[in-house]
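The values are calculated or read from the model by the stated rules, or taken from the named source; none is laboratory data. The structure presented is a predicted model; accordingly, all values stated were derived computationally and were not measured. Methodologically, a virtual Cβ is constructed for each residue, glycine included, from the backbone with ideal geometry; neighbour enumeration extends over all protein chains shown.
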């Protein structure tokens, strides 16, 4: 059996997220109430197109501005952990995303305004954020589609484990644009019939959401701990998983071994594509028998490269409050009996497994528990 | 100090080669028919990485500042009828994934990094922190077209792949180390890193503020 990717526990000294509902506490409360942030929206913004389910920050247009309108929202989110030492060798920053500022390149192409280009590349987008927040230059940038945030957390854990960093700030942001909404719509997995049940569609369907989050990882500070990570990359197909579910099983097995004997609940990836949902639910039931499985993208939409950290912040809020939101936006029948549609009390549980998947058959998961 | 030993190095310096010529030059490195769907960067990286025979237990670290510049340009040009194929191939780590998917080679750990001046330092750091016995560190760029004047695509093409191990096994080609150094300032850009590898030149100096990189050849 594969060993976990990183085994030294890292404490969660601080963690929060930003969704259309607000911060982690507000998002957690909205999910407990069963609210859905996804709304039918034109896939190409002001250019129109089919209405698809998008969850945008209140008042934010899909089309990019110069400078990007999301920058102030991100700065507000990060204000509680602002400090002069982030970005130094001992307090590095990891920034993760699948989009970064790529919406600015779409704006450049549409408007011809050259000023958009400076924020369009990953390094250009992060430089904009770095300068705005006053970080130093020790900033690592990870981009692996929808498991990006997990890689930042793994890297941060390893920096702590090796003793080369005192604390690490992991930041992730993905703000939607016609670039990404148009791409997913081209793949025919955004539900133009929204809010009709996605189960009626042959392949299922997903919604997309704005999302950002951060986590400060520390060796000794924090009430929650990320005990172990696991990664697996199938390299089977760009947009499909191995039909036998081996990739899901390979990612979960090391965590199941670490957590043997403990009572856990599982926050799955759960985008809404039927085949991946079936494979994930089956693999979770085998790796963690009896563990309730929840997913929150039916409300928040898929926050892409940031989903791992957005959902970490919500899972942390759930562990602290003792209440886990159910699988908002889904309905019976579910793939397995373990899928929890309604909120539940988690005070008798020892922790949670949080899992994400990505293009290329990429899988990532970690074990979150009380320190 | 973080360090590993270099067991193998592969580089490709294709100059101004156009994608069609790259397909012809490298088609024998991939499964029949596969190159038609691959990007130029996917061909460059897939070829050098393929020579190192990636295995499931290897950790793979991939560094590119701009990624699939031409796929990105093509995807942007495809609006309002967005191309699903170009969307997929314009996604950041596709340059490394294309060859691995073609060969059906799963890997447990895959760390794709982006970035500007700090890219080499952070990618080397990720490689040296990996738990795997063997780490494959690869990267590269392809030349863009209309995004180049906007500094949003690379103006040159190159690819590299290194095999790194924890111990100096017999035949090690060199050593790669990264150590904290409070008084160090500066950066090592990805094209400069490539030139060091391609010409087997040693280096000892700043990789990032507070980090000194050593590259030695034997």
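Some observations on this one:
- Here A:256, A:215 are screened, and the one residue that is assigned to a helix (DSSP H, G or I) and farther than 17 Å from residue A:361 by Cα is A:256.
- Scanning the stretch B:159-182 for residues that are touching a strand residue (DSSP E or B) at 6+ places or on another chain (Cβ under 9 Å), within 14 Å of chain A (Cβ to nearest Cβ) and surrounded by fewer than 21 Cβ atoms within 10 Å (Cβ to Cβ) returns B:166, B:177, B:179, B:180, B:181.
- Selection status of residue B:121, in a helix (DSSP H, G or I), in contact (Cβ under 8 Å) with a residue 60 or more places away in the chain and more than 7 Å from chain A (Cβ to nearest Cβ): yes
- Within the span defined as the stretch A:45-62, one or more residues are closer than 21 Å to residue A:204 by Cα, assigned to a loop (DSSP other than H, G, I, E, B) and within 14 Å of chain B (Cβ to nearest Cβ).
- Top-ranked residue of the stretch A:346-364 - restricted to ones that are surrounded by fewer than 24 Cβ atoms within 10 Å (Cβ to Cβ) and away from every other protein chain (no Cβ under 14 Å), ranked as nearest to residue B:98 (Cα to Cα): A:351
- Put simply, of A:122, A:80 the only residue that is without any contact (Cβ under 8 Å) to a residue 40 or more places away in the chain and either under 21 Å from residue A:312 (Cα atoms) or out of contact with any helix residue (DSSP H, G or I) (no Cβ under 6 Å at 6 or more places or on another chain) (or both) is A:122.
- Of residues in the stretch B:132-153 being in contact with a strand residue (DSSP E or B) (Cβ under 7 Å, 6 or more places away or on another chain) and either without any contact (Cβ under 8 Å) to a residue 40 or more places away in the chain or surrounded by fewer than 23 Cβ atoms within 10 Å (Cβ to Cβ) (or both), the one farthest from the other protein chains (Cβ to nearest Cβ): B:134
- Per-region count, the stretch A:160-179, residues crowded, with 24+ Cβ neighbours inside 10 Å and either closer than 21 Å to residue A:69 by Cβ or within 8 Å of chain B (Cβ to nearest Cβ) (or both): 9
- Candidates A:134, A:112 - the one that is at pLDDT 95 or above, surrounded by fewer than 24 Cβ atoms within 10 Å (Cβ to Cβ), more than 10 Å from chain B (Cβ to nearest Cβ) and over 25 Å from residue A:45 (Cβ atoms): A:134
Listed here are the residues, each with its yes/no results for (1) crowded, with 18+ Cβ neighbours inside 10 Å; (2) not in a loop (DSSP other than H, G, I, E, B).
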position	(1), (2)
A:232	yes, yes
A:239	no, no
A:242	yes, no
A:275	no, yes
A:278	no, yes
A:285	yes, yes
A:290	no, no
